[in-house]
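J.: Please read through the structure below; I'll follow up with questions.
The values are calculated or read from the model by the stated rules, or taken from the named source; none is laboratory data. A quick note: this is a predicted structure, and the numbers were derived from the prediction, not measured. Cβ placement follows ideal geometry from the backbone for every residue including glycine, while neighbour counts extend to all protein chains displayed.
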């Protein structure tokens, strides 16, 4: 059943005349008559009594009219809902990120996006990069902020579209009372005797690789994974930690972050990832510029 026939039928029923319905719809009377006839053939019943002056609904016509109005109203609602998704007057944006991206990068981008599109529902999933990519593949999130450490396995670009956001050099976190806390720049070789705090597999691999290049094997006494907990161990004087620059704004007052010399500093790369073949939803397309702007501001 063609919904165009239902629209014509509803207009005829409202106006009680094929001629008046044709004028309202911008059709010829014969075109309206053909569509009503096609609808009657499709339903297998007579819907209108043709009178000397206009038309009148039959019992079958009155029955169909209620259904036609319900169908057409739902279609109109659907068109409105789809338009709202396209214009971001509705919809959702599901973002995934690793913990240090949530210190400043993601909150700034989300705040700017919400100010522009307040009707879009926002949600957040926190996880490491492999789990975020799995969530993207499963359709559980729409966009992920992911990181690639030096020497780590590259992200499969046949499955994921990557937008570069920033290079994120790692800094050294020290207790404020540490003898080297006032140093402007550190060399890893000068830290060979130090204990380290690191329990994240990617971070541990990066730490070991960087220290081996500097000529020593790092000693990790406390395998702590999370950034907040690492700060506690560092502040207590139990060791040093490598900290991404993205997390610097969330550093505790009782620790200091010191840059490494460029030849020693590992640099991870931050990307926004989306499924390669899905196409960006309107909310994702609108969010990406805010994310890029936040990354550029933090880099400055």
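J.: Can you find a residue in region 233-254 that is touching a strand residue (DSSP E or B) at 6+ places or on another chain (Cβ under 8 Å), assigned to a loop (DSSP other than H, G, I, E, B) and under 19 Å from residue 205 (Cα atoms)?
T.: There is at least one residue in region 233-254 that is touching a strand residue (DSSP E or B) at 6+ places or on another chain (Cβ under 8 Å), assigned to a loop (DSSP other than H, G, I, E, B) and under 19 Å from residue 205 (Cα atoms).
J.: What is the one condition in (1) in a loop (DSSP other than H, G, I, E, B); (2) more than 11 Å from the chain's Cα centre (by Cα); (3) at pLDDT 95 or above that residue 135 does not satisfy?
T.: Here residue 135 meets the rest and fails (1).
J.: Here's another thing I want to ask about it. Which residues, counting only those in region 164-185, are part of a strand (DSSP E or B), surrounded by fewer than 16 Cβ atoms within 10 Å (Cβ to Cβ) and at pLDDT 95 or above?
T.: Selection gives 164 alone.
J.: Only one residue in 96, 80 is under 30 Å from residue 274 (Cβ atoms), within 48 Å of the chain's Cα centre (by Cα) and part of a strand (DSSP E or B), so which one is that?
T.: 96
J.: Related question: Considering only region 188-208, state which residues are more than 33 Å from the chain's Cα centre (by Cα), assigned to a helix (DSSP H, G or I) and surrounded by 18 or more Cβ atoms within 10 Å (Cβ to Cβ).
T.: Within region 188-208, 188, 191 meet the criteria.
J.: Would you please name the residue that is nearest to the chain's Cα centre (by Cα), looking only at residues in region 25-37 that are assigned to a helix (DSSP H, G or I) and surrounded by 15 or more Cβ atoms within 10 Å (Cβ to Cβ)? Give the derivation first.
T.: Narrowing region 25-37 to residues assigned to a helix (DSSP H, G or I): 25, 29-37.
From the residues that got through so far, the ones that are surrounded by 15 or more Cβ atoms within 10 Å (Cβ to Cβ) too are 25, 32-33, 35-36.
Values: 25: 42, 32: 47, 33: 50, 35: 46, 36: 47 Å.
Step by step, filter region 25-37, then rank; the result is 25.
J.: Another question about this same structure. Looking at the structure I just gave you, is residue 40 on the phi < 0 side of the Ramachandran plot and modelled with pLDDT of 90 or more?
T.: Spelling it out, residue 40 is indeed on the phi < 0 side of the Ramachandran plot and modelled with pLDDT of 90 or more.
J.: From the list 108, 114, 92, pick out the single residue that is closer than 20 Å to residue 285 by Cβ and surrounded by fewer than 14 Cβ atoms within 10 Å (Cβ to Cβ).
T.: On the way: 108 fails: surrounded by fewer than 14 Cβ atoms within 10 Å (Cβ to Cβ); 114 fails: surrounded by fewer than 14 Cβ atoms within 10 Å (Cβ to Cβ).
Exactly one residue qualifies, and that residue is 92.
J.: With respect to residue 45, is the statement that it is farther than 20 Å from residue 72 by Cα, assigned to a loop (DSSP other than H, G, I, E, B) and in contact with a helix residue (DSSP H, G or I) (Cβ under 6 Å, 6 or more places away or on another chain) true? Show your work before the answer.
T.: On the way: farther than 20 Å from residue 72 by Cα: yes; assigned to a loop (DSSP other than H, G, I, E, B): yes; in contact with a helix residue (DSSP H, G or I) (Cβ under 6 Å, 6 or more places away or on another chain): yes.
It is true that residue 45 is farther than 20 Å from residue 72 by Cα, assigned to a loop (DSSP other than H, G, I, E, B) and in contact with a helix residue (DSSP H, G or I) (Cβ under 6 Å, 6 or more places away or on another chain).
J.: If only one of 264, 221 is modelled with pLDDT under 95, assigned to a strand (DSSP E or B) and over 25 Å from residue 135 (Cβ atoms), which one is it?
T.: The match here is 221.
J.: Specify the residue that is nearest to the chain's Cα centre (by Cα); the eligible residues are those in region 267-295 that are in a helix (DSSP H, G or I) and without any contact (Cβ under 8 Å) to a residue 24 or more places away in the chain. Before you say what the answer is, go through the steps one by one.
T.: We begin by selecting, within region 267-295, every residue in a helix (DSSP H, G or I); these are 282-295.
Subsequent filtering for residues that are without any contact (Cβ under 8 Å) to a residue 24 or more places away in the chain retains 285, 289.
Values: 285: 9, 289: 12 Å.
In this case the residue turns out to be 285.
J.: So for region 209-216 (the condition being in contact with a strand residue (DSSP E or B) (Cβ under 6 Å, 6 or more places away or on another chain) and either surrounded by fewer than 19 Cβ atoms within 10 Å (Cβ to Cβ) or not assigned by TED's automatic domain parsing to the domain that holds residue 265 (or both)), does at least one residue qualify?
T.: no
J.: I would also like to ask the following. If you go through region 115-132, how many residues are in a helix (DSSP H, G or I) and over 12 Å from the mean Cα position of the chain (by Cα)?
T.: Count: 5.
J.: Give region 232-259 a look and list any residue that's surrounded by 15 or more Cβ atoms within 10 Å (Cβ to Cβ) and under 29 Å from the mean Cα position of the chain (by Cα), or say none.
T.: Selection gives 242, 243, 244, 245, 246, 247, 248, 250, 251.
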